[in-house]
Structures are given as structure tokens and as C-alpha cells.
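Below: the structure, in C-alpha cells.
The values are calculated or read from the model by the stated rules, or taken from the named source; none is laboratory data. Given the structure is predicted, the values throughout are model-derived calculations rather than measurements. Reconstructed Cβ throughout: ideal geometry from the backbone, glycine too, with neighbour counts over all protein chains shown. Quick note on the areas: whole protein, heavy atoms, side chains included, nothing else; ligands and nucleic acids left out. Shrake-Rupley method; radii C 1.70, N 1.55, O 1.52, S 1.80 Å.
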Amino acid sequence: TTGPPDAGELAAVLDDEITRLPDGLRRPLVLCLVAGRTHAEAAAALGSSERTLRRRLDRARAVLRARLGRRGVAPAAAAALVAGAGAAVHAIPPLLIRQTTTGAFHFLNV
């Protein structure tokens, strides 16, 4: 039987779904979530208003939640698993996986 996904598997699923987002949703998400830019900084970098940026982030959140749900990833359970200290992936430092995935699920409001 297959057990629950580990942090590496969750990171791979999340990365896949973020990569599949249309550019107009992915770029704001990456700037704010991964690069840590403020809404004002990200909006300026994208040449848009903060209002437009917030709309795109809201849409990205909705799309990611739906897609993760279709893939059987329960966001709250995944966030709890990722927050645990035992996960490791060989090519990616475990702390980076936990921080990125936990940040993504926090973004999804779970």
C-alpha cells in the first residue's frame, strides 16, 4: 500500500501545478510567494496595479486549490505534513521544501 505523500512528493505536485498556471497568474504568484516581494513591488515589476495583482493572486489561489483537490492533495493535511521535520529530498534541502510548500499552502489559506 502507498502511504501519505512525503514533502518531496508534495513539493513536486505543487511545482507542477504552479508551472501549469497561465503566465498571468504564475508570475504574480512567484513574485509574491517565492521571491517575497510585496504587492506594491510585484505590481510595479509586472507593470500593473495592486488591485490587478490582488485579483490575479486570488484567481491563482482558487485555481491551485481546485487542481490540488483534483489530485487528491488535502491542503490542510499536506501543510501539516510539510511542517514536520522528518521529510527530506535528496536534491533539494528539506528546509527549502518545507518553507516553500508551507508558504504555498499558507497562500492557499489552509
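Below are the figures for this structure:
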quantity	calculated
Rough spin-label spacing in nm, given labels placed 7 Å along Cα→Cβ, for His39 and Arg55	1.4 nm
Ordering of 66-73, 54-61 by packing [mean C-beta count within 10 Å, highest first]	54-61, 66-73
Accessible-area order (highest first, 1.4 angstrom probe) of the listed residues Glu50, Glu17	Glu50, Glu17
Segments 23-32, 36-45 sorted - mean Cβ within 10 Å per residue, highest first	23-32, 36-45
